[in-house]
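The values are calculated or read from the model by the stated rules, or taken from the named source; none is laboratory data. Here the structure is a predicted model, which is why all the values come from computation and not from measurement. Using ideal geometry, Cβ is built from the backbone for each residue, glycine included, and neighbour counts are taken over all protein chains shown. What goes into the accessible areas is simple: the full protein's heavy atoms, side chains included, and nothing from ligands, DNA or RNA. Shrake-Rupley method; radii C 1.70, N 1.55, O 1.52, S 1.80 Å.
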Amino acid sequence: MKEYLPIIKARSGLFRGIEESELEKLFGCLEARKQTYRKEEYILREGEQTKVLGLVLSGSVLIVQDDVWGGRNVLSVLGPGQCFAEVFACVPGSVLNVSVEAKEDTTILFLNVGRILSICPDGCSFHAQLIQNLLIDMAQKNRKLSEKITHMAKRSTREKLLSYLSEQAVKNKSSEFEIPYNRQQLADYLGVDRSGLSVQLCRLRDEGMLTFHKNKIRLIYKDSTDMI
């Protein structure tokens, strides 16, 4: 675990305000266990129950919903330092309505949520901070879900795509940015057909509104081609 401590300290909001020297003791309190998954391997499946949350140590994961006809809805992609399944783990008996899949070879740290929510028998000095961080993390997840709903509420594939790209430009404070999805994953995230998405991307390029190469996008504005 020692090799991951700098990543956890630098990138994980769950451990914000907690010193690196305290993390190993805290991991023991939270019954932490590490596990590695291969690309496209399921970490958690829809319909399962969980008492643990997952923290991405390396690689990345997709949060997805699959239907019985093979359709897929990508809710989000998470990288090092980000957590998943905390909402389900906080509610005893809750059944997952999403699956978690390794986007690439990925290492996960699992933590017992029950040990976070209960009074620590060892009197960990950072327990209150950990609970506060968990609440902030869940609030941020709700905000991201609201953003996705905003995009999907648009009527056409073009409008959904423009809504998403506009949001990414604002977040990155630049007209040039890299999105975390490949073409199929972006189509799944927006709830549109991949071929239709590709057509709209090419049309926007031909209209002089953007350029792209794989997942790197550059938006072109009439008044400015640089920073927003």
From Asp188, Asp226, grab the single residue that is at pLDDT below 90 and in contact with a helix residue (DSSP H, G or I) (Cβ under 9 Å, 6 or more places away or on another chain). Asp188
Scanning the stretch 64-74 for residues that are surrounded by fewer than 19 Cβ atoms within 10 Å (Cβ to Cβ) and either basic (Lys, Arg) or at negative phi (or both), which turns out modelled with the highest pLDDT? Gln65
Since Ala187 meets every condition but one in (1) closer than 26 Å to Val61 by Cβ; (2) of a type in the set (A, V, I, L, M, F, W, C); (3) in a helix (DSSP H, G or I); (4) touching a residue at least 24 places away in the same chain (Cβ under 8 Å), which condition does it not meet? (4)
What are the residue pairs meeting all of these: first residue in the stretch 1-14, first residue outside any helix (DSSP H, G or I), second residue modelled with pLDDT under 80, Cβ atoms under 9 Å, and 6 or more apart or on different chains? Met1/Glu24
Of everything in the stretch 111-136 that's open to solvent by 10 Å² or more (accessible area, probe 1.4 Å) and closer than 20 Å to Met1 by Cα, which residue is modelled with the highest pLDDT? Asn112
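When residues of the stretch 133-165 are filtered for being hydroxyl-bearing (Ser, Thr, Tyr), touching a residue at least 12 places away in the same chain (Cβ under 8 Å) and out of contact with any Lys or Arg (no Cβ under 7 Å at 6 or more places or on another chain), how many remain?
The number of residues fulfilling the criteria is 3.
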Checking the conditions here, which among Ser195, Ser146, Ser156, Ser166 is more than 22 Å from Leu44 (Cα to Cα), under 16 Å from the mean Cα position of the chain (by Cα) and either loosely packed, with under 15 Cβ neighbours inside 10 Å or modelled with pLDDT of 90 or more (or both)? Ser146
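Can you work out which of the residues in the stretch 81-106 that are among the β-branched types (Val, Ile, Thr) and touching a Gly at 6+ places or on another chain (Cβ under 9 Å) is surrounded by the fewest Cβ atoms within 10 Å (Cβ to Cβ)? Give the derivation first.
Step one: of the stretch 81-106, the residues among the β-branched types (Val, Ile, Thr) are 87, 91, 95, 98, 100, 106.
Keeping just the survivors that are touching a Gly at 6+ places or on another chain (Cβ under 9 Å) gives 95, 100, 106.
Numbers: Val95: 11, Val100: 24, Thr106: 25.
Per the criteria, the residue is Val95.
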I need the full set of residues from the stretch 35-57 which are crowded, with 17+ Cβ neighbours inside 10 Å and either without any contact (Cβ under 8 Å) to a residue 60 or more places away in the chain or over 26 Å from Ser118 (Cα atoms) (or both), in order please. Tyr37, Leu44, Thr50, Gly54, Leu55, Val56, Leu57
Pairs returned, first residue in the stretch 16-34 that is closer than 23 Å to Gly59 by Cβ and free of Cβ contacts under 8 Å to residues at least 12 places away in the same chain, second residue that is of a type in the set (Phe, Trp, Tyr) and assigned to a strand (DSSP E or B), beta-carbon separation under 8 angstrom, 6 or more apart or interchain, are none
Within the stretch 169-192, work out how many residues are surrounded by fewer than 15 Cβ atoms within 10 Å (Cβ to Cβ) and small (Gly, Ala, Ser). 1
